[in-house]
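First the structure, in the form of structure tokens, and then the observations on it.
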Amino acid sequence: MRRTHLLLPVIAVLLVAGFCVTVLVGFEFRGTIEHATAGWIEVAERTGAINVVTAIYLNARLFDTILEVLVFAVAVLGVHFYLTTRGRPERVESIPESNVIRIAADVLLPLILLVAIYVVVHGHLSPGGGFSGGVIAGTGLLLTAIAVGTETVAARFGPRLIERLEWAALLGILVLGLVPVLVGRTPLSDLLPPGEPGRIASGGSLLLYNGLIGLKVLIGSWVIVRHFVEHRGEI
């Protein structure tokens, strides 16, 4: 069991190292782009995405975006290890549960998750994406944790399952960026056709990246809240 627990971090480290080496070897600088604004718009048109911002940070600037995801993952790990290695401070007195908050959480949570899914799925068509959608969904879980307690919410999501999903989302992002090398393409290039602009199934690999990033941000946000509560006491 311990070997299985250590296997995922080892695989993650190897993938990150392989990703960095592949990117450094595979990319070639060809000088500055004249008329930069027009160049970015052309990049967006090639992806088939309507949202130019998403087309840039998940295509032309995907390397920067993946590094941002890695920074967020390191922040989550930092909270996890820092709070689990320190002794618990004096427990704060919990606030009595409110029926108003509980009812509000029951009503609002499905709506919040629905909005989060919409923001993630339509990230290449309208303002939004994986980062904002993941934060919205994490806010919904936080509201539920305030209403019924983090222990109740955590009981519905096993810690092992959450840990595996978090690593799987991160590994999925890295693998998706490296797979094009296997078919003779540049690292971080699109695997899927651009599709028809305006459709859900368009934008190449942007929808996949948004989904994985949204899952990673959602789980990371919940892990941070969970560890703070375990360290200080219920909200």
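The values are calculated or read from the model by the stated rules, or taken from the named source; none is laboratory data. Everything numeric in this text was worked out from a predicted model, so none of it was measured. With ideal geometry, Cβ positions are generated from the backbone for all residues, glycine too; neighbour counts draw on all protein chains shown.
Computed values, structure above
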| read-out | value |
| --- | --- |
| Filter result for residue 160 (part of a loop (DSSP other than H, G, I, E, B), free of Cβ contacts under 8 Å to residues at least 24 places away in the same chain and out of contact with any helix residue (DSSP H, G or I) (no Cβ under 8 Å at 6 or more places or on another chain)) | no |
| Count of the stretch 193-218 residues which are under 21 Å from residue 64 (Cα atoms) and either free of Cβ contacts under 8 Å to residues at least 24 places away in the same chain or not polar (S, T, N, Q) (or both) | 14 |
| Members of the stretch 94-146 that are part of a loop (DSSP other than H, G, I, E, B) and surrounded by 14 or more Cβ atoms within 10 Å (Cβ to Cβ) | 122, 123, 124, 125, 128, 129 |
| Residue, modelled with the lowest pLDDT, within the stretch 77-93, restricted to residues that are of a type in the set (Val, Ile, Thr) and part of a helix (DSSP H, G or I) | 85 |
| Selected residue (only one of 153, 223, 183, 179 is in contact with a helix residue (DSSP H, G or I) (Cβ under 8 Å, 6 or more places away or on another chain) and either surrounded by fewer than 17 Cβ atoms within 10 Å (Cβ to Cβ) or closer than 19 Å to residue 75 by Cβ (or both)) | 223 |
| Number of the exception - residue 160 against (1) under 23 Å from residue 81 (Cα atoms); (2) surrounded by 15 or more Cβ atoms within 10 Å (Cβ to Cβ) | (2) |
| Set 10, 16: member being loosely packed, with under 13 Cβ neighbours inside 10 Å, modelled with pLDDT of 60 or more and among the aliphatic types (A, V, I, L, M) | 10 |
| Criterion violated by residue 222 - all others in (1) farther than 18 Å from residue 19 by Cα; (2) outside any helix (DSSP H, G or I); (3) not polar (S, T, N, Q) satisfied | (2) |
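Yes/no matrix, rows are residues, columns are (1) modelled with pLDDT under 85; (2) among the basic types (Lys, Arg); (3) buried (at least 17 other Cβ atoms within 10 Å of the Cβ); (4) closer than 27 Å to residue 120 by Cβ:
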| site | (1), (2), (3), (4) |
| --- | --- |
| 29 | yes, no, no, no |
| 42 | yes, no, no, yes |
| 46 | yes, yes, no, yes |
| 66 | no, no, yes, yes |
